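Here's the structure, in structure tokens; my notes come after.
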Amino acid sequence: MLIVSEIIEKLKDILSKDGKDGKVFDKDVANSLGLSQMNFATMKNRNKIPYNKILDFCALKKISINWILYNQDPNSLLSSTDKYWIKYFPNINVSAGGGAYESDEEYESLEIPTSFLNMLGGMNNLKNVDAINVVGDSMEPTLNSDNIIFLDKSKKDFNKEGIYAFTSINGLFVKRIQKRVDGKLDIISDNKEYPIQIINKYECNILGKVIGSFGMVF
């Protein structure tokens, strides 16, 4: 992977070829990434790569992030690759069974087929979508162990029934949630061998709604 200074030079090259008049400065790169000049300077001094901002930049410019980070030639800088990316956290396991949670902020860029865009809410919604792993059998047959699920972090309204990822004192889980008339929540496993659990809404922190796996989730 390229270091921060090399990535900045690539971003300047893109901005220059994309119609920016005159010399491209660090402040221009900062603006294009949606960063303040102070934050950009701190990032540069610490050699810290702003992955989120670069992913958004690549999506806007329709260029391959692999060219930015790994120097892989996308054939043409300004020609659209029609490739879309979301964050995939390979070391985070959301439990559909007995409970498993490994906290890890590292992620990979997962390329999304164009046919998945509608399922994930369209191109502009990809910034809200993360991909994580499922372990356990309590959500079978809807979700199976070792599935990769797509989580929309902008959808946290559990007043609407659906499958949600949430944290509790016991870890990170994915379950179907229904709000009860008494205000509490039914935590439902699609595998009927698992009983329904009833919890208070303050006992779980909704991370987002599951909007797909390798097929639609209903």
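For the structure I just gave you, tell me whether ASP182 is surrounded by fewer than 19 Cβ atoms within 10 Å (Cβ to Cβ) and either in a strand (DSSP E or B) or in contact with a Ser or Thr (Cβ under 9 Å, 6 or more places away or on another chain) (or both).
Here the answer is no, as ASP182 does not meet what is asked.
Of the residues that make up region 21-37, is at least one modelled with pLDDT under 80 and either assigned to a loop (DSSP other than H, G, I, E, B) or touching a strand residue (DSSP E or B) at 6+ places or on another chain (Cβ under 7 Å) (or both)? Spell out the reasoning first.
First pass over region 21-37, keeping only residues modelled with pLDDT under 80: 21-22.
With the extra rule that they be either assigned to a loop (DSSP other than H, G, I, E, B) or touching a strand residue (DSSP E or B) at 6+ places or on another chain (Cβ under 7 Å) (or both), the set shrinks to 21-22.
Checking region 21-37: at least one residue is modelled with pLDDT under 80 and either assigned to a loop (DSSP other than H, G, I, E, B) or touching a strand residue (DSSP E or B) at 6+ places or on another chain (Cβ under 7 Å) (or both).
In region 122-158, what count of residues is obtained for those that are assigned to a loop (DSSP other than H, G, I, E, B) and under 25 Å from GLU193 (Cα atoms)? Talk me through it step by step, then tell me what you get.
Restricting attention to region 122-158, the residues satisfying the condition of being assigned to a loop (DSSP other than H, G, I, E, B) are 122, 136-147, 153-158.
Those still in the list that are under 25 Å from GLU193 (Cα atoms) too: 136-147, 158.
Residues that pass the stated criteria total 13.
Identify, please: which residue in region 35-66 is among the basic types (Lys, Arg) and free of Cβ contacts under 8 Å to residues at least 40 places away in the same chain and is, among those, nearest to ASP130 (Cα to Cα)?
Once the filter is applied, the top-ranked residue is LYS53.
Taking interchain pairs and intrachain pairs at least six residues apart, which have beta carbon atoms under 6 angstrom, with the first residue in region 92-115 and assigned by TED's automatic domain parsing to the domain that holds GLU193 and over 25 Å from PRO195 (Cα atoms) and the second surrounded by 12 or more Cβ atoms within 10 Å (Cβ to Cβ) and modelled with pLDDT under 75?
Between residues of region 92-115 that are assigned by TED's automatic domain parsing to the domain that holds GLU193 and over 25 Å from PRO195 (Cα atoms) and residues that are surrounded by 12 or more Cβ atoms within 10 Å (Cβ to Cβ) and modelled with pLDDT under 75, the close pairs are SER109/ILE65; GLU111/LYS83.
Of all residues in region 146-179 being modelled with pLDDT under 90 and surrounded by 18 or more Cβ atoms within 10 Å (Cβ to Cβ), which is nearest to LEU126 (Cα to Cα)?
Residue satisfying both the conditions and the ranking: ASN147.
The values are calculated or read from the model by the stated rules, or taken from the named source; none is laboratory data. Please read all numbers here as calculations on a predicted model, not as lab measurements. When we count neighbours, we look across all protein chains shown, and the Cβ atoms used for this are built from the backbone with ideal geometry, even at glycine.
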